[in-house]
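Have a look at the structure below before the remarks.
The values are calculated or read from the model by the stated rules, or taken from the named source; none is laboratory data. Quick caveat, the model's predicted, so the values are computed rather than measured. Quick reminder, even Gly has a Cβ in these numbers, built from the backbone with ideal geometry, and neighbours come from all protein chains shown. Remember, those area values only see protein heavy atoms, side chains included, never the ligands or the DNA or RNA. Shrake-Rupley method; radii C 1.70, N 1.55, O 1.52, S 1.80 Å.
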Amino acid sequence: MTNNPSAPVSPVPHLQFKVALLLLLMLVMVSGSVVYVMYARGVFEPTQQVVLIADDSEGVKVGMDLTFSGFPIGRVSRIELDPGGNARIVVDVPQKDAHWLRESSVFTLERGLLGNTSIRAYSGVLTDPPLAGGAVRKVLVGDATAEIPHLVAAARDLVQNVTALTAPDSPLAAGLSNLRTATEKLNGEQGALGVLFGNDKDARKLIAALDRTNALLIRIDGLAAHADAQVFGDDGAVNRSRAAIAQLDAALGDARETLKNVDAVLREAQGAASNVRAATTDLTALRAEVEVSLHKVEYLIDEVNRKWPFARDTDVKLP
Amino acid sequence: MSPITPRQGAVAEVGRSAAKWFVGWWRIIRLGAWLLALSLSRSSYSRPYRASLLHQIYLGTAPNLLWFAVLSALLSLVLIRIVLVTALSYGLSQFALETVVRVLVLELIPLTTALFVALQCTIPQSAEIAAMRSRGELDSLGSQGIDPLQREVLPRALAGVFAVVTLASVSCVLTLVLAYVSVYGFTRWGFEAYTHTVGQIFNSAVAVIFVLKIALMSLAVSLIPVGSVLYDAGRARSRASAEMRGLVRMFLVILMIEAASLVGNYY
């Protein structure tokens, strides 16, 4: 920059071109920024509205997000009071994200501990019909700060309980004292038995009983050795039983032979029975023939009686 | 007729100073109106004036563009890093990006650009005008039938406005890019989230205030120094005094614009 305006200005080569470049740079920067901000504001995106009704719009600001699964899918465009005194929160949802909102979607307005407020949408059934534009929904309000008094009250109760528990005359302290006594007894002469019975006399009785049981067990051991000899010895019950079983086996063999003989006898009786059946069949034929013959004889006698009427006895006796 | 007491003299002095102060402001406003009218006049861009206009625009912007961009990028990078690390240490990293964009793009860069252009461009230009005036060159131009405002003052004022707008827009875009890279790295997957955050910050009111702020600051740094040296009543006084008064006026106006923008953005 020259500080001497009266001096002739030094000419800049291609001044017009360079200034045109500068102008172009400025125009590109400014217009690019404007277009980018408009794009970021969603000016080029078609949107649909969802109206959320809340009892209290505290913490809700124009421009804040409506999130779905943590992703912003809409933006609060207006907050107003409806005739019923409720807050109407008008949310613009781009149509490309509107399919996440369904007829069954639930909207919540949550206030965090730090005063940060968020509006969330939950769509449990994504196959439900999509939410229509301009739909009005009641928003569920969850206020974390409202829980603080309850939390403080619960914490106070808890602290009181802990104080009562740890007091010198508390059951816990008494329990600990008893535990210490028990530990001392454990370390004492009688050990755990002293803890179990509470006095040394009973503990001694138990030890005496144990000693006697031990002696009894030794005697039972001797008895068992005797019984072993009786049962499994050379002349024991087991060997005798084995001999008896062998004799029983032989007797069974004899019985099997006898049964075979009986079987043969029965087979012969069966043959005789079949012969009798055949004889019975022949006897039937014979009887039929005799019957025919009798009929003929009867007929003959009838004829004789008719021709010889003085006959006294007309009956014919069959053998 | 009673003699004037010292108290009356002091009151009269204060009154005269206030009147001068108001007259000085009024002259600057009038100069702005004239220059605005001249800038909208077609004759200001005719051949006799065009060379001077192009020259002033080039000298006001081109030599400063590169190194101001580098300087503001470095400053932005340092501040972005500080904000990110601080936010991370407090577990508030989700607010870091918004803080960076608000602090740098909305507040610091326009202010820094205006002050930079004032120091590098418009105050030296006003010194040139004061020198020309003291040498009587402006009067001689008038006697030749050439409007000195149109010939000498308007190109310098337009150059100042152009420099502020260009440097501010370049620095803002550069800072936005640096903020993105600092937060997300060299990946395109953060673009949607970043754009969403920028969209949340630049709501209608903030965008209008931002544009107005840059426009008013550019006018302030372009008009006030030159207006102070052109119409300063104290011809007998030194040039440095007039420049100093212009500087004070300019800082006062920039401060008021900044305060007004803060009130508009955050209240």
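For chain A, calculate the relative contact order in percent as a whole number, restricting contacts to Cα pairs under 8 Å that are 6 or more residues apart.
After rounding, I find 10 percent.
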Point to revise | 0 to 90° range, to nearest 10: angle between helix A:200-232 axis and chain A longest Cα axis | key: 40 degrees
Check your understanding: So what are the ³J(HN,Hα) numbers for segment A:275-285, from phi and the Karplus equation (6.51, -1.76, 1.60; θ = phi - 60°), rounded to whole Hz, Gly and Pro as x?
Key -> 4, 4, 5, 5, 4, 4, 4, 4, 4, 5, 4
Exercise for review: Rank these residues by their accessible area, most exposed first, probe 1.4 Å: B:175, B:197, A:181.
Suggested key: A:181, B:197, B:175
Review point. Using a 1.4 Å probe on protein heavy atoms only, how many Å² of accessible area do A and B hide from each other, summed over both chains and rounded to 100?
Key: 2800 Å²
Practice item. Specify the residue with the greatest mean-square fluctuation among B:201, B:57, B:80, computed from a Gaussian network of chain B linking alpha-carbon atoms under 10 Å apart. Key: B:201
**Study point:** Test item: Cα-centred dipole of segment A:1-102, Lys/Arg +1 and Asp/Glu -1 on Cβ, debye
**Key:** 520 debye
Practice item. Please say if segment B:171-226 is rounded, prolate or oblate, where rounded means a/c under 1.5 for a ≥ b ≥ c the square roots of the C-alpha gyration tensor eigenvalues, and otherwise the choice is prolate for a/b larger than b/c and oblate otherwise? Key: oblate
Revision key, fill the gap. Scoring only Lys, Arg, Asp and Glu (+1, +1, -1, -1) among other residues with Cβ under 14 Å from the Cβ of residue A:164 yields -1
Revision key, fill the gap. Once the dipole of segment B:6-266 is set up from charges on Cβ (+1 Lys and Arg, -1 Asp and Glu), the residue from the list B:38, B:113, B:90 lying farthest towards its positive end is B:38
Practice item. For segment B:6-266, evaluate the Debye formula with one uniform point scatterer on each Cα (no solvent term) and list log10 I(q)/I(0) at q = 0.07, 0.16 Å⁻¹, rounded to two decimals. Key: -0.32, -1.16
Check your understanding: If you roll a 1.4 Å probe over the protein assembly as shown with all protein chains in place, what percent of the accessible area is carbon or sulfur?
Key -> 65 percent
Review point. Per q in 0.10, 0.12, 0.13 1/Å, what log10 I(q)/I(0) does a Debye calculation on the alpha-carbon atoms of the protein assembly as shown return?
Key: -1.06, -1.23, -1.32
Practice item. Give, rounded to the nearest 20 debye, the magnitude of the charge dipole that chain B has about its Cα centre when Lys and Arg contribute +1 at Cβ and Asp and Glu contribute -1 at Cβ. Key: 660 debye
Exercise for review: Using a 1.4 angstrom probe on the protein heavy atoms only, line up B:90, A:36 by accessible area, largest first.
Suggested key: B:90, A:36
Check your understanding: Taking only protein heavy atoms and a 1.4 Å probe, what accessible area per residue, in Å², does segment B:6-266 have with all protein chains in place?
Key -> 49 Å²
Check your understanding: How large is Rg over Rh for chain A, taking Rg from the Cα atoms and Rh as the Kirkwood inverse mean of 1/r across Cα pairs?
Key -> 1.64
**Study point:** Electrostatic dipole magnitude of segment A:258-304 [Cβ: Lys, Arg +1; Asp, Glu -1; Cα centre; debye, to 20]
**Key:** 460 debye
Practice item. Round to the nearest 10 and give me the degree value, 0 to 90, for the angle of helix B:47-89's Cα axis relative to the longest principal axis of chain B. Key: 40 degrees
Check your understanding: In degrees from 0 to 90, rounded to the nearest 10, what is the angle of the helix A:171-187 Cα long axis to the longest principal axis of chain A?
Key -> 60 degrees
Study note, to complete from the structure: Of the candidates A:207, A:109, A:20, the farthest towards the positive dipole end of the protein assembly as shown (Lys/Arg Cβ +1, Asp/Glu Cβ -1, centred on the Cα centre) is A:20
Check your understanding: Which residues of segment A:41-86 bury at least 50 Å² of accessible area once all protein chains are present, versus their chain alone (1.4 Å probe)?
Key -> A:41
Review point. Taking Rh as the Kirkwood radius computed over C-alpha pairs, what is the Stokes-Einstein D of segment A:222-276 at 10 °C in a medium of viscosity 1.306 mPa s, expressed in µm² per second?
Key: 108 µm²/s
Check your understanding: Counting only protein chains, not ligands or nucleic acids, how are B:34, B:26 ordered by accessible area (probe 1.4 Å), most first?
Key -> B:26, B:34
Point to revise | Relative contact order of segment B:6-266, pairs being alpha-carbon contacts under 8 Å that are 6 or more residues apart, as % | key: 29 percent
Practice item. Taking the Cβ of residue A:211 as the centre, find all other residues whose Cβ is under 12 Å away and add up their charges (Lys, Arg: +1; Asp, Glu: -1). Key: +3
Practice item. For the protein assembly as shown, build the charge dipole from Cβ charges (+1 Lys, Arg; -1 Asp, Glu) around the Cα centre, then report which of B:14, A:69, A:261 sits farthest towards its positive end. Key: B:14
Point to revise | Residue among A:235, A:263, A:92 with the largest mean-square fluctuation in a Gaussian network model of chain A, springs linking Cα atoms under 10 Å | key: A:263
**Study point:** Proximal charge balance of residue B:52 [Cβ under 11 Å; K/R count +1, D/E count -1]
**Key:** +3
Check your understanding: Measuring with a 1.4 Å probe in the full set of protein chains, what accessible area per residue, in whole Å², belongs to chain A?
Key -> 73 Å²
Check your understanding: Amide H neighbours of residue A:102 under 5 Å, counting only residues 5+ apart in sequence or on other chains, H built in-plane at 1.01 Å?
Key -> A:131
Check your understanding: Given H placed on each backbone N at 1.01 Å, which residues far from residue A:117 in sequence or on other chains put an amide H within less than 5 Å of it?
Key -> A:112
